[in-house]
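*Asks:* Below: one structure in structure tokens.
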Amino acid sequence: MTAELPRPLHAPRASTAGGPGLFVTFEGGDGAGKTTQASLLERWLTEKGRATVRTREPGGTEVGVRIRDIVLHHRGHIAARAEALLYAADRAHHIETVVQPAIARGDVVIQDRYLDSSVAYQGAGRVLDADDVRALSLWATDGLLPDLTVLLDLDPDAARRRLDADDKPFDRLEAEKSDFHARVRAGFLALADREPERFLVLDATEAPDVLAARVRDAVEQRLA
Ligand code: TMP
């Protein structure tokens, strides 16, 4: 009898699982303005009469809130692979219980961060293998990719100045050194290069209303 060979962890199956909704994610470094842009998009879609679900990772479910507390606020070291698994666990539960049902109902899901954050932060930032990290998330979510990913690109020094101005204590990831954040930024840009049809890359130093108009155009095209 021949031994069965291990398969690759996951061969990605693109997009929104055949549901009638739309899945839009916002990505970028800390302080890039994702939350502002997600709120502006939500307001515009609501005014147009579209049902939306506004959510985030980590922490978009009750289970996720507990995982978020560990990954962002645990005092002390967490092994890089454990951190990657915690984000993937949050994602698996969130996608199955919140995002997939919303897409199936026909809603537009507007989400702060998704698997590209894992590839950028745990892959490029923590220096785990980027393909392994992506495959782990694709396994966790049964291959779900967003219809549109808006990457708000910002120089890490400028981002740090924005976070300093906020005067809030830094979480575990925000507290990482500037070379970590430089790798994360490069990681995001490399992902956008690999999938130009999924990504909209915006210069986060532009005015919020200018950025919001670019986001609306991209969403409108995908809704058409
Ligand atoms: P935020 O929700 O305030 O953006 O904080 C989440 C933090 O977690 C942020 O620093 C990015 C980080 N993160 C990862 O390292 N990997 C991931 O997969 C996700 C979703 C977030």
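The values are calculated or read from the model by the stated rules, or taken from the named source; none is laboratory data. Everything numeric here is computed off the predicted structure, so don't read it as measured data. Here the Cβ is made from the backbone with ideal geometry for all residues, glycine too, and neighbour counts use every protein chain on show. Accessible surface is based on the protein model in full, side chains and every heavy atom, while ligands, DNA and RNA are left aside. Shrake-Rupley method; radii C 1.70, N 1.55, O 1.52, S 1.80 Å.
Each row is one residue, and each column tells you yes or no for (1) in a loop (DSSP other than H, G, I, E, B); (2) out of contact with any strand residue (DSSP E or B) (no Cβ under 7 Å at 6 or more places or on another chain).
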position: Asp132; (1), (2): no, yes
position: Gly143; (1), (2): yes, yes
position: Val150; (1), (2): no, no
position: Arg162; (1), (2): no, yes
position: Arg172; (1), (2): yes, yes
position: Glu176; (1), (2): yes, yes
position: Ala186; (1), (2): no, yes
position: Leu189; (1), (2): no, no
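*Asks:* Let me ask something additional. Somewhere in the range 184-194, is a residue modelled with pLDDT of 95 or more and in contact with a Pro (Cβ under 7 Å, 6 or more places away or on another chain)?
*Replies:* yes
*Asks:* Which of the residues that make up the range 198-224 are among the β-branched types (Val, Ile, Thr) and more than 17 Å from Asp30 (Cα to Cα)? So that I can check it myself, show each step before the final result.
*Replies:* Within the range 198-224, the subset among the β-branched types (Val, Ile, Thr) is 201, 205, 210, 215, 219.
Of everything in the range 198-224, those that are among the β-branched types (Val, Ile, Thr) and more than 17 Å from Asp30 (Cα to Cα) turn out to be Val210, Val215, Val219.
*Asks:* Here's another thing I want to ask about it. So which residues in the range 99-109 are out of contact with any helix residue (DSSP H, G or I) (no Cβ under 8 Å at 6 or more places or on another chain) and crowded, with 17+ Cβ neighbours inside 10 Å, if there are any at all?
*Replies:* Hits for the range 99-109 are Val99, Gln100, Ala102, Ile103, Asp107.
*Asks:* Does Thr205 qualify as being within 16 Å of the ligand (Cβ to nearest atom) and in contact with a helix residue (DSSP H, G or I) (Cβ under 8 Å, 6 or more places away or on another chain)?
*Replies:* Judged against the criteria, Thr205 is not a match.
*Asks:* I would also like to ask the following. Note down all Cβ pairs under 8 Å where the first residue falls in the range 58-79 and is within 19 Å of Leu128 (Cβ to Cβ) and open to solvent by 30 Å² or more (accessible area, probe 1.4 Å), the second is aliphatic (A, V, I, L, M) and within 13 Å of the ligand (Cβ to nearest atom), and they're at least six residues apart or on different chains.
*Replies:* Here the result reads Ile70/Ile78; Ile70/Leu86, each pair linking the range 58-79 to a residue that is aliphatic (A, V, I, L, M) and within 13 Å of the ligand (Cβ to nearest atom).
*Asks:* Give the number of residues within the range 8-34 that are at pLDDT 90 or above and of a type in the set (Ser, Thr, Tyr).
*Replies:* 1
*Asks:* Next question, about the same structure. Among the residues of the range 50-57, is there at least one that is more than 24 Å from Ala190 (Cβ to Cβ), part of a helix (DSSP H, G or I) and within 14 Å of the ligand (Cβ to nearest atom)?
*Replies:* Let us first name the residues in the range 50-57 that are more than 24 Å from Ala190 (Cβ to Cβ), namely 50-55.
In the following step, the residues that additionally are part of a helix (DSSP H, G or I) were identified as none.
There is no residue in the range 50-57 that is more than 24 Å from Ala190 (Cβ to Cβ), part of a helix (DSSP H, G or I) and within 14 Å of the ligand (Cβ to nearest atom).
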